[in-house]
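Asks: Below: one structure in structure tokens.
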Amino acid sequence: MKKQSTASSHISDIDIIGTACRDYYHHPDDNLKIEVWSNIAETDQIPVNYLFRSFAQMPFLEQTALKHCRGKVLDIGAGAGSHALWLQQQGLEVTALEISAGACDVMQKRGVKNVRQMNFFSLTGETKYDKYDTLLMLMNGIGIVGTTYRLQDFFTLARKLLNPGGRILVDSSDLRYLFLEDDGTILINLNNKYYGEVEYRMSYKGRKGRRFPWLFIDDQLLAYHAEKNGFRFERIAEGNHYDYLAKMR
């Protein structure tokens with residue numbers, strides 16, 4: 001997205017997640033909310049305390065994913081570090097990867113041992129330090145891909161990052177339910193872009209972040225792209241509302 005002016009440039013650089021995490025870490029308040037706007041649904045809210053949840057408070061899909069982690073783990077989009085902390089407690093070597101400077105600061109304060117502030121697509125997989133046995137992508141972590149056209153780039157990089165026999169664990173949702181008609185049929189214009197390609201924008205305490213693309217992908221399409229790129233796809237758990245957990249090896 002092109003920056004339109006100095007004002008919009010300032011808005012686009014706000015670290016929404018990081019600011020919210022810092023506020024909650026220093027002054028816990030269950031009333032703190034992050035507002036999430038999207039181009040396909042009504043504005044939603046994320047309670048900031050949800051980013052600090054314990055294992056017992058996590059949804060079934062997340063708990064299942066964490067139990068399937070093996071070896072050296074890369075927690076992609078680690079947020080406030082709840083998944084990374086639990087994995088550390090189980091004795092796994094985990095690197096928390098997060099683009100938000102504020103969230104990285106909070107993770108370090110919470111005790112996450114290995115935190116890296118960078119974009120996933122900036123990794124190279126060319127050194128021994130960039131090799132993992134598990135790539136963990138929770139809270140619809142595959143969303144960072146943005147569009148289906150970038151899945152090729154994602155799988156190419158994932159192959160470089162994974163040790164032989166490595167796995168990707170990812171949860172996502174099939175958004176076709178948003179297009180359900182009263183008679184049970186689904187009305188989707190196949191001439192448009194894929195219906196799971198969404199535009200998001202977050203705000204916190206009246207301050208707005210930049211718009212960004214986010215991908216939700218149904219299991220059949222993800223399986224197609226995974227197998228096309230030499231990964232074996234397996235759906236290992238199903239949620240309560242069109243969501244699922246997949247393992248790709």
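Asks: Could you say which residue among Thr134, Thr156 is in a strand (DSSP E or B), modelled with pLDDT of 95 or more and of a type in the set (Ser, Thr, Tyr)?
Replies: Numbers: Thr156 fails: in a strand (DSSP E or B).
Of Thr134, Thr156, the one residue that is in a strand (DSSP E or B), modelled with pLDDT of 95 or more and of a type in the set (Ser, Thr, Tyr) is Thr134.
Asks: How about the stretch 196-236: which of its residues are surrounded by 19 or more Cβ atoms within 10 Å (Cβ to Cβ) and over 26 Å from Leu66 (Cβ atoms)?
Replies: Glu197, Tyr204, Gly209
Asks: If you scan the stretch 46-70, which residues turn out to be in contact (Cβ under 8 Å) with a residue 40 or more places away in the chain, assigned to a loop (DSSP other than H, G, I, E, B) and crowded, with 16+ Cβ neighbours inside 10 Å?
Replies: Pro59, Cys69
Asks: While we're here: Here's a check for you: in the stretch 106-130, which residue that is at pLDDT below 95 and in a loop (DSSP other than H, G, I, E, B) is surrounded by the most Cβ atoms within 10 Å (Cβ to Cβ)?
Replies: This residue is Gly125.
Asks: Only one of these conditions is not met by Tyr242: (1) at pLDDT 95 or above; (2) surrounded by 15 or more Cβ atoms within 10 Å (Cβ to Cβ). Which number is it?
Replies: In the conditions (1) at pLDDT 95 or above; (2) surrounded by 15 or more Cβ atoms within 10 Å (Cβ to Cβ), Tyr242 misses (1) alone.
Asks: If you go through the stretch 73-87 one residue at a time, how many are part of a strand (DSSP E or B) and of a type in the set (A, V, I, L, M, F, W, C)? Step through it out loud before you land on a result.
Replies: Within the stretch 73-87, the subset part of a strand (DSSP E or B) is 73-76.
From the residues that got through so far, the ones that are of a type in the set (A, V, I, L, M, F, W, C) too are 73-74, 76.
Summing the residues that are part of a strand (DSSP E or B) and of a type in the set (A, V, I, L, M, F, W, C) in the stretch 73-87 gives 3.
Asks: Among all residue pairs at least 6 apart or on different chains, which show Cβ distances below 9 Å where the first residue, located in the stretch 170-181, is over 26 Å from Glu234 (Cβ atoms) and the second is part of a strand (DSSP E or B)?
Replies: Note: pairs meeting the criteria are Phe179/Ile186; Leu180/Ile186.
Asks: So, one more: Sort out which residues of the stretch 206-249 are at positive phi and in contact with a strand residue (DSSP E or B) (Cβ under 9 Å, 6 or more places away or on another chain), and write them in order of number.
Replies: So the first thing to find is which residues in the stretch 206-249 are at positive phi, and the list is 206, 230, 242.
Within the stretch 206-249, Tyr242 is the sole residue that qualifies.
Asks: Do the conditions hold for Arg211, that is, is it of a type in the set (Lys, Arg), at pLDDT 95 or above and not in a helix (DSSP H, G or I)?
Replies: Details: of a type in the set (Lys, Arg): yes; at pLDDT 95 or above: yes; not in a helix (DSSP H, G or I): yes.
In short, yes.
Asks: Quick one: would you say Leu151 is buried (at least 21 other Cβ atoms within 10 Å of the Cβ), farther than 23 Å from Gly71 by Cβ and either β-branched (Val, Ile, Thr) or within 15 Å of the chain's Cα centre (by Cα) (or both)?
Replies: Details: buried (at least 21 other Cβ atoms within 10 Å of the Cβ): yes; farther than 23 Å from Gly71 by Cβ: yes; either β-branched (Val, Ile, Thr) or within 15 Å of the chain's Cα centre (by Cα) (or both): yes.
So Leu151 passes the test.
Asks: For Glu35, are the conditions met, namely being touching a residue at least 12 places away in the same chain (Cβ under 8 Å), surrounded by fewer than 18 Cβ atoms within 10 Å (Cβ to Cβ) and under 21 Å from Gly209 (Cα atoms)? Spell out how you get there, then give the answer.
Replies: Values: touching a residue at least 12 places away in the same chain (Cβ under 8 Å): yes; surrounded by fewer than 18 Cβ atoms within 10 Å (Cβ to Cβ): yes; under 21 Å from Gly209 (Cα atoms): yes.
Criteria met by Glu35.
The values are calculated or read from the model by the stated rules, or taken from the named source; none is laboratory data. If you're wondering where the values come from, they're calculated on a predicted model, not measured in any experiment. Positions of Cβ are generated from backbone atoms using ideal geometry, with glycine treated the same way; all protein chains shown enter the neighbour counts.
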